[in-house]
Amino acid sequence: MDALLADLMDSALGHADYADVRHVRSTTERIGTRNGAVDRIERADAEGVGVRVRVHGAWGFAAVRGAERAGAEAALARALEVTRAQPSGPASPLADNIPAVGTHDAGLDGTDPFAVSLEDKLEALLAADQAMRVDPLVAVTEAGFFAHREERTFASTDGALCRQRLGECGGGITATATEGSETQVRSYPASFRGQVSQAGYEHFAALELAAHAPRAGEEAAALLSAPPCPDERTTLVLDGEQLALQLHESVGHAVELDRVLGSETSYAGGSFVAPSDAGSLHYGSPLMNVAADATVPGGLGSFRWDDEGVPAQALPIVRDGVLRGFLSSRESAARAGAARSGGCMRASGFDRQPLVRMTNVNLEPGDAGSLDDLIASTDRGVYMETNRSWSIDSRRLQFQFATELAREIRDGELGRLYRNPSYAGVTPEFWGGLDAVCSWGEWRLWSVLNCGKGEPGQSIRASHGTAPARFRDVRVGVA
Amino acid sequence: MRPLEIAERALAAVPAGVEAQATVTAERSLLLRFADSRPTQATAVDDLEVEITVLRDGHAGGAMTNATDADSLTRCSASAVAAAEAAARLPASGPRLALPAAAPARVHDGYDEATAALDPGRGGEALRAAFDAAARFGADAHGIWTAGAVDTAIASTAGVAASDRVTDAFMKVVALAPSGRSGYAAQTAVASKRLDPAAIAARAAGKAMATGTEAKLAPGEHAVVLERHAVAELLTFLASLALNGLAFAEDRSALSGRLGSRVAAARVNLADSPRYPGTLPRAFDAEGVPKAPLALIQDGVARAVVHDSRSAALCAAASTGHALAPGGAPDGPAPTNLVLIGGGAEDESALCRTIERGIYVTRLWYVNAVRPKQTLVTGVTRDGTFLIEDGEITRPLADLRLTDSVLGVLGRVEELSAESALTGTSEFYGRRFATGVMAPALRAGGVRFTA
């Protein structure tokens, strides 16, 4: 394979200003139970080659399945053909990069999830599925397992040749209760397919889905008769999972440099942030410290090299509340005047070209202690937990989130349950209200498994490290 | 090798006596992106997926590969058999699935040879035409031009041996004015020659360059005129939340227990019509069940939801041919050819005429469900929002957040435009599966905006 990729890049020299190629081989397993029965057991194998060329500032990309020389050569020819057929435009430079050479493995320690029997995985899932059915109002119970292994080899006309092998594993449960026109949902440990890490089977086992299942069922049923979340401006405490998505939507996407520069206007949208805002824009309160760290162990956005062969980095994004940096590629970094790429180019598979994507965009912990400590120091407000719905405008300013559960906070204690909680805000104002972040003991990586971007669409997985945090003067109960 | 031959080879790799379906989906596609009236990323895909679904005592297991050699097909088959057997060994519960029997599918006109050629030259010309048209208005063009050809073949031990070929073409332009205002227009068709890049860009640029000081409206309930793009977005959510047979079976649908009841205004007639003129037709669904028209809401009364084999089994009903995956997709079945019948208004301007003060919405962005059983969704207006005053569009309007029930909006429909057009998808996460909603523009009263 190495020889084929190197030969292909030799062939590209002279025809393109730059070219790179990825060979990707992956295996994915998804197992799901629903209402006490096996709902799906699927295994997917895929292998292919994607060739990317740059001609007169435009990128062309062609993908073909398999790993045969003739197919890869045809993909190079097709990539050149489609690029040349487009209107020509001014070329912009690429930021310099030292060609990547070597190998890297991550998430392969521990037990291979594909070596664990289907029976063992189903036993764990069905036990959790059954344990959620604690109330006749629970209409749907679901438990899921996910495992993914991938080997990707990258070469470029710059002389790069590197190989990475990555493994991921995880799962989760969801109970849905219905009554009249209401549906209420409780998930563990996270909504929308659970919690996944770059790890072996031990990560899934440690989730102990069955042990947490009764609470999910009980809370889903209890929410049906809970009072609605009041519509008011108040203090909001978010759990780490919801805060991870808040960070993802209102910070991570907003600082993708391709969006900032207008390259994603037609689909994902733009950003309220401008390149010149770095160093001056007050993104949030002084307690807000955000980094994009592609080196953190276990993160779904962790790697040794990105899909342009740029080394993984820990980029400061917001320091003491002030915008400091962006997620970038070699092209976008050069357009913004940066000397080097932030190493954030990722592709969802062999048949998609890399885009500027989130790595692990993390909010650093503060000194507010545990979640119990944070609640105890809050006189009045609302605590919200586990994302249920999200929406944000195309410049990443005005957002509206809903969570599965909320509880009243009164005199430093959690009180009654609220159903259908939601909150809304405007990004810098919301983050400006951040006045406490829990400490390291509460900090953990949360997975986002369905981050979409690009045309044709690409869904990637990323992680966000957060600890529960408190925000002042937030509009809640808006939906 | 033709996809049906590959499907038959895959089926032959399954041990004798085992119930199975082999599905082959072959995609060839080309997508050209542009920004600031310059090409940015072009993507050409040539891939094929073989999916083997095995049933053991009514329990399904599946495996996929994009390799077609004998060893790969044998491994794929073994994985599917192992999965089904593991499911069958467990205590019985849940719906027992059966492979649909063979049934003849009707021919359609959803394939265009010239589009299937995926000529990058045609795409390049489309970009040039769009750039020139936007420039005449003083705007920059952002967007995509794309064409695709997808061959699908299904072979099963129940006797299905079917194949289908479809093409689709799509172009959209988001025009950006120097003021920062934007405008949107798009077309979808079976054949790329039906796209008019200059007209698309001109319509988008005209919106972006609309004159007048941008107005702001406070949150609250407002009369609206929704362009077909916004209507299609709301109908797509209605499909997944309420018209979905699995949600219906599990009492999660707004239509659970309400078939035969009034759920929308009397002038609302919604169907899934796979051969409606101008739509993207298909011969059969992911289980090989032939596509056929199905009335969903008639004169405002809920008539049916869509089913695949799994939701049909749960409801003691028959599949309506809306499976998205063999054995049923995790999220349930979905209509892929929604048609909302138009009304009596000549066009969008006519719809505006009775509105004293209201909002003209070109499209909605980042829509998501808030309370699924109430079809309550939220999303933001984008790329062409205008203030309607005294029956006319008067000036640009700052974007707002719509948070309302889809069925609630349909219940307050006052009029629809006579003309409908296909609003297609362009996102294509995973394998290309082009669908579209044939929708008119409409006027509705009292639509709720929360920001």
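Please treat every number below as a calculation from the coordinates, not as lab data. This is a predicted model, so every value here is computed, not measured. Quick reminder, even Gly has a Cβ in these numbers, built from the backbone with ideal geometry, and neighbours come from all protein chains shown.
Numbers below:
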| item | result |
| --- | --- |
| Whether region B:3-208 is rounded, prolate or oblate, judged on the alpha carbon gyration tensor where a/c under 1.5 counts as rounded | prolate |
| Of the GluC sites (Glu not before Pro) in region A:138-228, those whose Cβ has at most 14 other Cβ within 10 Å and which sit in DSSP loop | A:Glu208 |
| Only Lys, Arg (+1) and Asp, Glu (-1) charged, at Cβ; the protein assembly as shown dipole about Cα centre in debye | 1400 |
| Per-residue average of Cβ from other chains inside 10 Å of B:46-56 | 3 |
| Spacing of the two label points (7 Å from each Cα toward its C-beta) at B:Glu389 and B:Ala101, in nm | 6.6 |
| Formal net charge of residues neighbouring A:Gly298 (Cβ-Cβ distance under 13 Å; K, R +1; D, E -1) | -2 |
| Chain A - percent relative contact order, Cα under 8 Å, separation 6 or more | 16 |
| Over chain A: helical MRE at 222 nm, DSSP H runs n ≥ 4 each giving -39500 (n - 2.57), nearest 500 | -5500 deg cm²/dmol |
| Rounded to 5, the percent of DSSP beta bridges in region A:2-224 classed as antiparallel | 90 |
| Chain B - percent relative contact order, Cα under 8 Å, separation 6 or more | 16 |
| Stokes-Einstein D in µm²/s, Kirkwood radius over Cα pairs - region A:286-421 at 37 °C with 0.692 mPa s viscosity | 186 |
| Order of A:Trp440, A:Trp446, A:Trp390 under a 10 Å beta carbon neighbour criterion, fewest first | A:Trp440, A:Trp390, A:Trp446 |
| 0 to 90° range, to nearest 10: angle between helix A:209-224 axis and chain A longest Cα axis | 60 |
| Magnitude of the charge dipole, chain A, Cβ model with Lys/Arg +1 and Asp/Glu -1, debye to 20 | 960 |
| Most positive-pole-ward Cα, B:Ala249, A:Gly349, B:Gln187, against dipole of the protein assembly as shown from beta carbon charges | B:Gln187 |
| Qualifying GluC sites (Glu not before Pro) in region B:145-238, DSSP loop, other Cβ atoms within 10 Å at most 15 | none |
| Kirkwood-based Rg to Rh ratio, region B:220-449, C-alpha trace | 0.97 |
| 10 Å Cβ neighbours from other chains, averaged over peptide B:72-78 | 1 |
| Chain B: C-alpha gyration tensor shape, a/c 1.5 cut-off, then a/b vs b/c | oblate |
| Share, in percent, of DSSP beta bridges within the protein assembly as shown that are antiparallel, nearest 5 | 90 |
| Antiparallel bridge percentage (DSSP; both residues within chain A; nearest 5) | 90 |
| Cα gyration tensor shape for region B:48-121, rounded if a/c is under 1.5, else prolate or oblate | oblate |
| Net charge contributed by nearby residues that have their C-beta within less than 14 Å of A:Glu413 (K/R +1, D/E -1) | -1 |
| Relative contact order (percent, whole number), region B:3-208, Cα cutoff 8 Å, 6+ residue spacing | 23 |
| Candidate lysines for bridging to A:Lys453, where Cα separation is under 27 Å - those fewer than 8 sequence places away on the same chain excluded | B:Lys172, B:Lys207 |
| Value at 222 nm in deg cm²/dmol, rounded to 500, when DSSP H runs of n ≥ 4 in chain B each add -39,500 (n - 2.57) | -6500 deg cm²/dmol |
| Peptide B:373-383 - average C-beta neighbours from other chains (10 Å radius) | 5 |
| Charge dipole (region A:1-142, unit charges on Cβ, about Cα centre) - positive-most of A:Ile31, A:Gly66, A:Val134 | A:Gly66 |
| In region B:257-321, trypsin sites (Lys or Arg not before Pro) in a DSSP loop with at most 14 other beta-carbon atoms within 10 Å | none |
| Mean Kyte hydropathy of 0.0 or more with a Cα span along the axis of at least 24 Å, helices from DSSP in chain B | B:70-88 |
| Cβ-based exposure ranking for B:Asp151, A:Asp20, A:Asp367, in which fewest neighbours within 10 Å come first | A:Asp367, B:Asp151, A:Asp20 |
| Debye, to nearest 20: dipole size of region A:232-476, +1 on Lys, Arg Cβ, -1 on Asp, Glu Cβ | 460 |
| Packing-based exposure ordering (other Cβ within 10 Å, fewest first) of A:Glu232, B:Glu8 | A:Glu232, B:Glu8 |
| If the convex hull is drawn through the Cα atoms of region A:2-224, its volume per residue in Å³ | 169 |
| Net charge of Cβ neighbours under 11 Å - reference B:Asp57; Lys, Arg +1; Asp, Glu -1 | +1 |
| Whole-number Å³ per residue for the convex hull built on Cα positions in region A:232-476 | 106 |
